[in-house]
Amino acid sequence: MAKLIDGRAIAAEIRKEIAEETAVFKGENGYAPGLAVVIVGEDPASKVYVRNKHRACEEVGFYSEGYELPADTDEATLLALIERLNRDDRIHGILVQLPLPKHLDEEKILLAIDPAKDVDAFHPYNVGRIMIGNYDFLPCTPAGVMQLLKRSGVEIEGKECVVVGRSNIVGKPQALLLLEANGTVTVCHSRTKDLRDVCRRADILVAAIGKPEFFDASYVKEGAVVIDVGMNRRPSDGKLCGDVDFASVEPVASMITPVPGGVGPMTITMLMKNTFTAAGKQGARVK
Ligand code: NDP
C-alpha cells in the first residue's frame, strides 16, 4: 500500500510559512506583496481559478486586484492594462489567466509582462534563467511537485525520473528541475516508443499528459513514487481524476499523489511564493 502524498496538508503548511513571512515583510516595509490577476472572457474553469487565487492572497495577507475583461477585449486594451500594472508599485506579480480568447496573441501578451513581475514564470527571459539554473521564479506546477517530493522526504539524487509530457508549463520545466536535483531524467511524449517499458524503469514517475486514468499498474515499478499532475474529467461519471488509475497503481507504488488533493493545491501556493519573492526583489530594487 502506497503512502499518500497529501498536497492539501503540504500546501497549507507552505501557506502558513508564507503568511508568517508576509507579516514580517509588512512590518519591515509598510506594504504587502501585491498580485494582479487578469482574466479575459467567461471561461468557468478559469473564473474558479481566479477566485481561488484571490482567496489564497487573502489567506497569506497579500494585496490583490482582479480584472475581469469582456471576451471581446482588443489587444491594445489588454496591453495598456499590463503596461499600467507593470508601472504600479503596489503590484509585484501579474498573472494573465490562460487560455486567452482566440483573437488575442498569447505570446505577445505574455511578452508584455515585466519579467520581474512574471510570477507564472512563462516569460522567455524567466524560462531562459530556469534553463541555466539561475532563477527567481519557477513555474508553479513543477515547483509544487518539487516541494511535494522534498517535504515527503523523497530522495531525487541518482534516481531514475521519468516525466511523461513535454509541455512548456509542466513537462519540460519539471524535467529541468528533476535534473537540477541530480535525478537521471527521461522525458516521454506522444511519440515515445515502448512508453510502458520506459515508465517501468522509473523510481519517480511524473504523469502529465491530460488523459484520464491512462497509467495503470503495468506502467509502474514496484515501490516507485508516482506524481499525478493530470486534472481531467472521468468520462464515465464526470468527476475529477488524474492521469493515473489510482486504484490500480496505489498497491504497487511506495508513494502516490491523489487527484484531487495532490498536485492541484500546490500550484496556487507556489504562485503565492513567487509573488512574495517578486515583492522582495522589487522592494530591494527600489531601496
Ligand atoms: P498539454 O496538452 O500541453 O501537454 C500534454 C503532453 O502529454 C504533451 O507533451 C503530449 O505529447 C503528451 N501526451 C499526450 N498523450 C500522450 C500519450 N498517450 N502518451 C505519451 N505522452 C502523451 O498538457 P499540460 O502539460 O498543460 O497538462 C497536462 C495535464 O496536467 C493536464 O491534465 C492538465 O489539466 C494538468 N495540469 C494540472 C495542473 C495542476 O495544477 N495540477 C496545472 C497544469 C496542468 P506531445 O508533445 O507529443 O503532443
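The values are calculated or read from the model by the stated rules, or taken from the named source; none is laboratory data. Keep in mind it's a predicted model, so treat the numbers as computed, not measured. Backbone-built Cβ (ideal geometry, glycine too); neighbour counts: all protein chains shown. Side chains are part of the model used for accessible areas, which takes the heavy atoms of the whole protein and leaves out ligands, DNA and RNA. Shrake-Rupley method; radii C 1.70, N 1.55, O 1.52, S 1.80 Å.
Shape verdict for region 135-287, please, from the Cα gyration tensor: rounded (a/c under 1.5), prolate (a/b greater than b/c) or oblate.
Judged from the Cα gyration tensor, region 135-287 comes out prolate (a/c at least 1.5, a/b above b/c).
Rank these by accessible area, largest first, 1.4 Å probe: Thr192, Thr77, Thr22.
Putting Thr192, Thr77, Thr22 in descending order of accessible area: Thr77, Thr192, Thr22.
Per residue, how much accessible area does region 19-168 show when a 1.4 Å probe rolls over the protein heavy atoms, in square angstrom?
Ligands and nucleic acids excluded, the result is 48 Å² per residue.
Could you tell me how many degrees, from 0 to 90 and to the nearest 10, lie between the Cα long axis of helix 44-60 and the main elongation axis, the longest principal axis, of the Cα atoms of the chain?
Helix 44-60 sits at roughly 70 degrees to that axis.
What value, in deg cm²/dmol to 500, does the helix sum -39500 (n - 2.57) over DSSP H runs of n ≥ 4 give at 222 nm once divided by the residues of the chain?
Estimated from H runs of four or more residues: -13500 deg cm²/dmol.
Which value, in nm² and rounded to one decimal, describes the direction-averaged projected area of the C-alpha convex hull of region 160-230?
Answer in nm², one decimal: 4.3.
I'd like to know how region 221-287 sits against the 2.2 N^0.38 Å rule of thumb: what's its Cα Rg over that expected value?
Here the answer is 1.62, to two decimals.
Sorted by accessible area with a 1.4 angstrom probe, largest first, how do Lys239, Lys47 fall?
Largest accessible area first, the residues go Lys239, Lys47.
Give me the angle, in degrees from 0 to 90, between the Cα long axis of helix 7-29 and the longest principal axis of the Cα atoms of the chain, rounded to the nearest 10.
30 degrees
Treating cross-link reach as a plain straight distance, find the aspartates and glutamates whose alpha-carbon is under 19 Å from the alpha-carbon of Lys16, omitting any fewer than eight places away in the same chain.
In chain and number order, the partners are Asp6, Glu28, Glu58, Glu59.
Restricting the count to DSSP beta bridges whose residues both fall in the chain, what percent are antiparallel, rounded to a multiple of 5?
Beta bridges within the chain, antiparallel portion: roughly 5 percent.
Exactly which GluC sites (Glu not before Pro) in region 4-111 are in a DSSP loop and have at most 16 other Cβ atoms within 10 Å?
Answer in residue order: Glu42.
Can you tell me the Rg and the Dmax, both Å, for the Cα atoms in region 107-152?
Answer for region 107-152, Rg first and Dmax second: 11.7, 39 Å.
Below 8 Å, C-alpha to C-alpha, sequence gap of six or more: please give me the relative contact order for region 83-140 in percent.
That works out to 29 percent.
Explain nothing, just the number: dipole magnitude of region 147-201 about its Cα centre with +1 on each Lys and Arg Cβ and -1 on each Asp and Glu Cβ, in debye rounded to the nearest 20.
The dipole of region 147-201 has a size of about 240 debye.
Remind me, relative contact order of region 199-264 in percent, using alpha carbon pairs under 8 angstrom and six or more residues apart?
36 percent
What accessible area, in Å² to the nearest ten, does a 1.4 Å probe give for Lys221?
Result for Lys221: roughly 70 Å² accessible.
Using the alpha-carbon atoms, what tilt in degrees (0 to 90, nearest 10) does helix 264-286 show relative to the longest principal axis of the chain?
40 degrees
When the gyration tensor of the chain is built from Cα positions, what are the square roots of 5 times its three eigenvalues, in whole Å, from largest to smallest?
The equivalent ellipsoid of the chain has semi-axes of 33, 21, 18 Å.
As a test of reading the structure, rank Phe62, Phe122 by solvent-accessible area (1.4 Å probe, protein chains only), most first.
Per-residue accessible area, sorted high to low, gives Phe122, Phe62.
Over region 98-239, what relative contact order in percent results from Cα pairs under 8 Å that are six or more residues apart?
Rounded, it is 17 percent for region 98-239.
Under a Cβ-only charge scheme (Lys and Arg +1, Asp and Glu -1), can you give me the dipole magnitude of the chain about the Cα centre, in debye to the nearest 20?
300 debye
Counting every Cα pair in region 1-78, what percent are over 16 Å apart?
Of all Cα-Cα pairs in region 1-78, 63 percent lie more than 16 Å apart.
At a 1.4 Å probe radius, carbon and sulfur cover how many percent of the accessible area of region 145-287?
52 percent
Which shape class, rounded, prolate or oblate, goes with region 104-200 when its Cα gyration tensor gives a ≥ b ≥ c as root eigenvalues, a/c under 1.5 marks rounded, and past that a/b bigger than b/c marks prolate?
Oblate is the answer for region 104-200, as a/c is 1.5 or above yet b/c matches or exceeds a/b.
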